[in-house]
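Enquirer: The following block contains the structure, expressed as structure tokens.
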Amino acid sequence: MSEPTPAAPPAGLIDIKRRLGTLRYTTDSKDHAHITVKPEICAKCPHSFCTFVCPAKCYERIEGRLVFRYEDCVECGACDIACDQGSVTWNLPRGPYGVKYAYG
């Protein structure tokens, strides 16, 4: 059975995933990732607050598993604040790494 197609945003608005597609990222090495998520802790999380607070919708529950997608992260740190289980580690990106906002 296929998933229902999400409703289009109201006229004049662009949905978040399309806007995020306009961002550019320079990814640092895995040793210096600005965000890490521990799936073994997420698997036992009773509430999944991260799925509610992330404005870029980087966290999603799929078939009971929490899936994190780094690609859309806007480096706000909301997930680090919301995660009371100790799964998320968030740090400011180093030097020239991270997201570059160039919407237009």
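The values are calculated or read from the model by the stated rules, or taken from the named source; none is laboratory data. Bear in mind the structure is a predicted one, so any value in this text is a computation, not a measurement. Cβ atoms come from the backbone with ideal geometry, glycine included; neighbour counts cover every protein chain shown. For the accessible areas, the whole protein counts, side chains as well, though only heavy atoms, and no ligand, DNA or RNA atoms are used. Shrake-Rupley method; radii C 1.70, N 1.55, O 1.52, S 1.80 Å.
Enquirer: In the range 59-104, how many are in a loop (DSSP other than H, G, I, E, B), at pLDDT below 90, within 13 Å of Val37 (Cα to Cα) and in contact with a Phe, Trp or Tyr (Cβ under 9 Å, 6 or more places away or on another chain)?
Expert: Of the residues in the range 59-104, the ones in a loop (DSSP other than H, G, I, E, B) are 63-64, 69, 73-77, 83-87, 91-97, 101-104.
With the extra rule that they be at pLDDT below 90, the set shrinks to 63-64, 69, 73-77, 91-97, 101-104.
Now narrow it down to the ones that are within 13 Å of Val37 (Cα to Cα): 69, 73, 77, 91.
Keeping just the survivors that are in contact with a Phe, Trp or Tyr (Cβ under 9 Å, 6 or more places away or on another chain) gives 69, 73, 77.
Residues that pass the stated criteria total 3.
Enquirer: Given the conditions (1) within 13 Å of the chain's Cα centre (by Cα); (2) exposed (fewer than 13 other Cβ atoms within 10 Å of the Cβ); (3) over 23 Å from Gly98 (Cα atoms), and given that Glu71 satisfies all but one, which numbered condition is not satisfied?
Expert: Status for Glu71: all satisfied but (3).
Enquirer: Anything in the range 55-67 that is surrounded by 18 or more Cβ atoms within 10 Å (Cβ to Cβ) and touching an Asp or Glu at 6+ places or on another chain (Cβ under 8 Å)? List them, or say none. I'd like the intermediate steps shown before the answer.
Expert: Applying the first criterion (surrounded by 18 or more Cβ atoms within 10 Å (Cβ to Cβ)) to the range 55-67 yields 56, 58-59, 66.
Listed by number, the residues that qualify are Ala56, Cys58, Leu66.
Enquirer: Can you name the number of the only condition in (1) without any contact (Cβ under 8 Å) to a residue 12 or more places away in the chain; (2) open to solvent by 80 Å² or more (accessible area, probe 1.4 Å); (3) not in a loop (DSSP other than H, G, I, E, B) that Pro46 fails?
Expert: For Pro46, the exception is condition (3).
Enquirer: Ok, one more. Within the range 41-50, count every residue that is at negative phi and touching a Cys at 6+ places or on another chain (Cβ under 9 Å). Explain how you work it out, then say what you get.
Expert: Of the range 41-50, the ones at negative phi are 41-47, 49-50.
Among the residues that remain, those that are also touching a Cys at 6+ places or on another chain (Cβ under 9 Å) are: 41-42, 45, 49-50.
Total satisfying the criteria: 5.
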